[in-house]
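Take a look at the structure set out below.
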Amino acid sequence: MANLSTQVNRFEKMSPLSLAISIVKIARPVHWVKNLALFAALIFSGNLVDANLFLKTCFAFLVFSLATSATYIFNDIMDVDSDRIHPIKKNRPLAAGTIPLSLAFAVSIVFAIISLYWSLAFGLMFFLLTASYIAIQIAYSLGLKNIAVIDILIIAMGFIIRVYAGAFVINTHLSVWFLLCIISAALFLASGKRRSELNIVEKAGITRKSLTKYSRELLNSYVTMFGNAAWMSWALFTFFESPRASQNVWLFLAELSRTTTIDKLLMVTIPVVIFGIMRYESLIFEGKSEAPEKIILTDKSLIASIAIWITLVTWILYSGVSAS
């Protein structure tokens, strides 16, 4: 009772600004970078320059970000005890005791309700995907995260749902090759997250039951397998789905020699993708990839490779050097 009374008194003394900052922290806005996957369909369907569809996707990004924040908060509530002995997660507001559990739960519910209500504006399928994401993540937090392999599949499923949510917003088709890219990359990120966690728990003790079911060698094989699948599936996508080079730009090459004829321009991005995967794998084995969103925003080599990849893709799809 004494501890509970002390906590209540501490929260009562907190200023509204401090409480607001804690709420922002538990919402984990840095993780919203994952939701940029909603823009994938907009970019690869050739609709990035459509102002109406761009604004719709931006609003959908906000809606889905509220949904993801709701699940992050719920997960932190369920993990509060284990997070307190984790070397990194112990600094989260709930684990650190800077925000009451009751308030965190209320914020989670409010975020979920708002996201579901607003998701209806984008049609039934977007609503169902948003609701499915929330339901799956709740099930994950309640116990599925402790089941080896299933936990990796659920993390990967979150990325796939994001991409298809973006496709439903603008009502566009995604090729099976692009779906293969998303699945491979999602599994690569998810298995890499678990592999990196092993390095951390060796110092602080096991904080996730599923980690006791994984060996270092098994996760190494997952990371290698899905890393190879990721760049290979991207290579297949660029080969089968790449727009043709525009004659106005490349005709002189064809006249010089058939060898220099270019009609698979997206394939020039393959080396960049391979470099990015190799760099990320090196971070995984160094134990630095437990939080993919932070690595993507802080590692200079990854930032450079992503920037080059985005530049090449948008140049090929939107500059006029290629034609559908």
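The values are calculated or read from the model by the stated rules, or taken from the named source; none is laboratory data. Keep in mind it's a predicted model, so treat the numbers as computed, not measured. Counting neighbours? That spans all protein chains shown, and the Cβs are built from the backbone with ideal geometry, glycine included.
Anything in the range 280-324 that is at pLDDT below 90, touching a Gly at 6+ places or on another chain (Cβ under 8 Å) and either loosely packed, with under 13 Cβ neighbours inside 10 Å or closer than 30 Å to Arg244 by Cα (or both)? List them, or say none.
Leu317, Tyr318, Ser324 - these are the residues of the range 280-324 that are at pLDDT below 90, touching a Gly at 6+ places or on another chain (Cβ under 8 Å) and either loosely packed, with under 13 Cβ neighbours inside 10 Å or closer than 30 Å to Arg244 by Cα (or both).
Run down Leu66, Leu42, Leu36, Leu48 and say which single residue is touching a Phe, Trp or Tyr at 6+ places or on another chain (Cβ under 9 Å), within 30 Å of Cys181 (Cα to Cα), modelled with pLDDT of 80 or more and in a loop (DSSP other than H, G, I, E, B). Let's see the steps before the verdict.
Working: Leu66 fails: in a loop (DSSP other than H, G, I, E, B); Leu42 fails: in a loop (DSSP other than H, G, I, E, B); Leu36 fails: in a loop (DSSP other than H, G, I, E, B).
So the residue among Leu66, Leu42, Leu36, Leu48 that is touching a Phe, Trp or Tyr at 6+ places or on another chain (Cβ under 9 Å), within 30 Å of Cys181 (Cα to Cα), modelled with pLDDT of 80 or more and in a loop (DSSP other than H, G, I, E, B) is Leu48.
What number of residues in the range 52-66 are closer than 17 Å to Ala167 by Cβ and in contact with a helix residue (DSSP H, G or I) (Cβ under 7 Å, 6 or more places away or on another chain)?
Number of matching residues: 8.
Would you check which residues across the range 126-141 are surrounded by 15 or more Cβ atoms within 10 Å (Cβ to Cβ) and more than 18 Å from Asn75 (Cβ to Cβ) and list them? Spell out how you get there, then give the answer.
Residues of the range 126-141 that are surrounded by 15 or more Cβ atoms within 10 Å (Cβ to Cβ), as a first pass: 126-127, 129-131, 133-134, 136-138, 140-141.
Those that are surrounded by 15 or more Cβ atoms within 10 Å (Cβ to Cβ) and more than 18 Å from Asn75 (Cβ to Cβ): Phe126, Phe127, Leu129.
Just the residues that are part of a helix (DSSP H, G or I) and more than 17 Å from the chain's Cα centre (by Cα), please, taken from the range 168-183.
Restricting attention to the range 168-183, the residues satisfying the condition of being part of a helix (DSSP H, G or I) are 168-170, 176-183.
Within the range 168-183, Phe168, Val169, Ile170, Val176, Trp177 qualify.
Given the options Ala156, Ala165, Ala112, Ala186, name the one that is part of a helix (DSSP H, G or I) and either among the acidic types (Asp, Glu) or out of contact with any Ser or Thr (no Cβ under 9 Å at 6 or more places or on another chain) (or both). Explain how you work it out, then say what you get.
Working: Ala156 fails: either among the acidic types (Asp, Glu) or out of contact with any Ser or Thr (no Cβ under 9 Å at 6 or more places or on another chain) (or both); Ala165 fails: either among the acidic types (Asp, Glu) or out of contact with any Ser or Thr (no Cβ under 9 Å at 6 or more places or on another chain) (or both); Ala112 fails: either among the acidic types (Asp, Glu) or out of contact with any Ser or Thr (no Cβ under 9 Å at 6 or more places or on another chain) (or both).
Exactly one residue qualifies, and that residue is Ala186.
Considering only the range 115-124, state which residues are part of a helix (DSSP H, G or I) and loosely packed, with under 15 Cβ neighbours inside 10 Å. Quick ask: steps written out before the conclusion?
Initially, the range 115-124 is screened for residues part of a helix (DSSP H, G or I), giving 115-122, 124.
Result: Tyr117, Leu120, Ala121, Leu124.
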